[in-house]
Amino acid sequence: MRLKNKVTVVTGGNSGIGFGIAEAFKSEGAVGTITGRNQNNLDQSLQQLGDNFIGLAGDVTSLDDLERIFKETSDKFGKIDALVVNAGGTVEGAQWGSVADIGEASYDKFMDLNLKSVYFTVQKALPYMNDGGSIILIGSTAGHRASQGMTIYSAAKAAVISFARGFSLDLLSRKIRVNVLSPGTIDTPAFDKMVPAEQVVQVKKMWVELIPAGIIGQPSDIGKAAVFLASDESSFVLGTEILSDGGVTNISMME
């Protein structure tokens, strides 16, 4: 019970990686809030998390929503001990593609969700956080390598990795540690959104062949790493990144 009675907030905690983190936190004794844009999805997730968690609907790109989420969490549970800034990824109506094709509207949507919201999620949480708390930013291996069509997203995640260092320095006086946890390929519903249904199995098999560990990661794998960063076990870890990617970033499979 490494997080017993710790108050936690997981943005985008209603599915995928965020839900895997929330489940891991629950199993270690945490209480708190998961957020998402759809209350029905939140309610379904809460059925599995139980009474120690609440679900607050909101858009992380809205500063008013962020303020409300942290205030309501603090009002119910007390000051926050651990914040996971997980919300991000694909944006409805935004186009993936190269620098020759992506216009200002898609650029702004990607950056608003994957970078700007990270900054203001942290800023709006700070008045409601305990000194000595932990902030975990969810990065991506995309922040380390170029992938076709993902230039803007990759740039945003590279900046998130930098945020972990800068935020840690900014918050030294409050002893709030900020680290970034960067997943590789994780088996989440994102596959169904980005790949035609008939190709999902084939695409997952392709990824397995590229991952040195020989498996696709599960949300629970990211959850276990997040528990470490949220707990006192990582008290000497700040301003750094944990790559949970099966070795993709640092180990080449090329012969």
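The condition of being at pLDDT 95 or above, touching a Pro at 6+ places or on another chain (Cβ under 7 Å) and either in a strand (DSSP E or B) or surrounded by 13 or more Cβ atoms within 10 Å (Cβ to Cβ) (or both) does not hold for Ile242.
Looking for whichever is in a helix (DSSP H, G or I) and either modelled with pLDDT of 95 or more or closer than 25 Å to Asp187 by Cβ (or both) here; the options are Lys109, Lys71. Which one fits? Residue meeting the stated conditions: Lys71.
Here's the yes/no breakdown for (1) surrounded by fewer than 18 Cβ atoms within 10 Å (Cβ to Cβ); (2) in contact with a Gly (Cβ under 7 Å, 6 or more places away or on another chain); (3) farther than 26 Å from Asp101 by Cβ:
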{"position": "Ile135", "(1), (2), (3)": "no, no, yes"}
{"position": "Ser140", "(1), (2), (3)": "no, no, no"}
{"position": "Ile222", "(1), (2), (3)": "no, yes, yes"}
{"position": "Val237", "(1), (2), (3)": "yes, no, yes"}
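Selection within segment 87-105: residues that are in contact (Cβ under 8 Å) with a residue 24 or more places away in the chain, surrounded by 14 or more Cβ atoms within 10 Å (Cβ to Cβ) and among the aliphatic types (A, V, I, L, M). The member of this set that is nearest to Ile34 (Cα to Cα) is Ala87.
Being hydrophobic (A, V, I, L, M, F, W, C) and within 21 Å of Gly16 (Cβ to Cβ) is the filter here; which residues of segment 85-110 pass it? Val85, Ala87, Val91, Ala94, Trp96, Phe110 - these are the residues of segment 85-110 that are hydrophobic (A, V, I, L, M, F, W, C) and within 21 Å of Gly16 (Cβ to Cβ). No other residue among Asp81, Asp108 is surrounded by fewer than 18 Cβ atoms within 10 Å (Cβ to Cβ), out of contact with any helix residue (DSSP H, G or I) (no Cβ under 6 Å at 6 or more places or on another chain) and either touching a residue at least 12 places away in the same chain (Cβ under 8 Å) or within 21 Å of Ala159 (Cβ to Cβ) (or both) apart from Asp108. Only residues that are under 14 Å from the mean Cα position of the chain (by Cα) and in contact (Cβ under 8 Å) with a residue 24 or more places away in the chain were counted across segment 136-152, and they come to 7. Annotation: Ile80 fulfils all but one of (1) among the β-branched types (Val, Ile, Thr); (2) at pLDDT 95 or above; (3) within 22 Å of Ala226 (Cβ to Cβ); (4) out of contact with any Gly (no Cβ under 9 Å at 6 or more places or on another chain); the unmet one is (4). Among all residues of segment 204-218, there is none that is within 23 Å of Ser15 (Cα to Cα), in contact (Cβ under 8 Å) with a residue 60 or more places away in the chain and either touching a Leu at 6+ places or on another chain (Cβ under 8 Å) or assigned to a helix (DSSP H, G or I) (or both). Checked against the criteria, Ser234 counts as small (Gly, Ala, Ser), farther than 23 Å from His144 by Cα, at pLDDT 90 or above and touching a helix residue (DSSP H, G or I) at 6+ places or on another chain (Cβ under 9 Å). In segment 219-255, how many are farther than 20 Å from Ala158 by Cβ, of a type in the set (Asp, Glu) and touching a residue at least 12 places away in the same chain (Cβ under 8 Å)? Here the count works out to 3. For segment 121-133, a residue qualifies if it is closer than 11 Å to Phe70 by Cβ and surrounded by fewer than 17 Cβ atoms within 10 Å (Cβ to Cβ), and the qualifying residues are Gln123, Pro127.
The values are calculated or read from the model by the stated rules, or taken from the named source; none is laboratory data. This is a predicted model, so every value here is computed, not measured. Reconstructed Cβ throughout: ideal geometry from the backbone, glycine too, with neighbour counts over all protein chains shown.
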